[in-house]
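The values are calculated or read from the model by the stated rules, or taken from the named source; none is laboratory data. As the structure is a computational prediction, the values presented were derived from the model and not from experiment. Neighbour counts are summed over all protein chains in view; Cβ atoms, including those assigned to glycine, are modelled from backbone coordinates with ideal geometry.
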């Protein structure tokens, strides 16, 4: 806190609480936009997102924002994107990483979701 020019003590507790509230407000304001961007990415980026980099970045943003809706993560775990490879096409979707995230999230939140 000294980097902010504050004295240690009660003021730091107040500043920490204010920053936490501000961070929550930013998350809540940005979350719908990130969720909408992910929906658009699944609908329109067919063949334009090698390795699902954009989709994975959006999923990571949702995870960092502590999104409580598991639907985007379940969708990602089930998503398949076949890309050209030497031989047969290969699934390069972000589903593997997202699947790990969804498993962790669901068990953390105490939910049960069938990912078939």
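Checking the conditions here, which among 11, 27 is surrounded by 10 or more Cβ atoms within 10 Å (Cβ to Cβ) and touching a residue at least 24 places away in the same chain (Cβ under 8 Å)?
Within the list 11, 27, the selection yields 27.
Yes or no: residue 36 over 14 Å from residue 93 (Cα atoms) and either part of a helix (DSSP H, G or I) or modelled with pLDDT of 85 or more (or both)?
Values: over 14 Å from residue 93 (Cα atoms): yes; either part of a helix (DSSP H, G or I) or modelled with pLDDT of 85 or more (or both): yes.
Yes.
Step by step: first the residues of the range 68-112, then only those that are assigned to a loop (DSSP other than H, G, I, E, B) and surrounded by 14 or more Cβ atoms within 10 Å (Cβ to Cβ), then the one that is modelled with the lowest pLDDT. Which residue is that?
Looking at the filtered set, the residue picked out is 94.
Any residue in the range 46-56 that is modelled with pLDDT of 75 or more, out of contact with any helix residue (DSSP H, G or I) (no Cβ under 7 Å at 6 or more places or on another chain) and not in a helix (DSSP H, G or I)?
The initial filter retains those residues of the range 46-56 that are modelled with pLDDT of 75 or more, namely 48-56.
Subsequent filtering for residues that are out of contact with any helix residue (DSSP H, G or I) (no Cβ under 7 Å at 6 or more places or on another chain) retains 48, 50-53.
Now narrow it down to the ones that are not in a helix (DSSP H, G or I): 48.
Yes, the conditions are met somewhere in the range 46-56.
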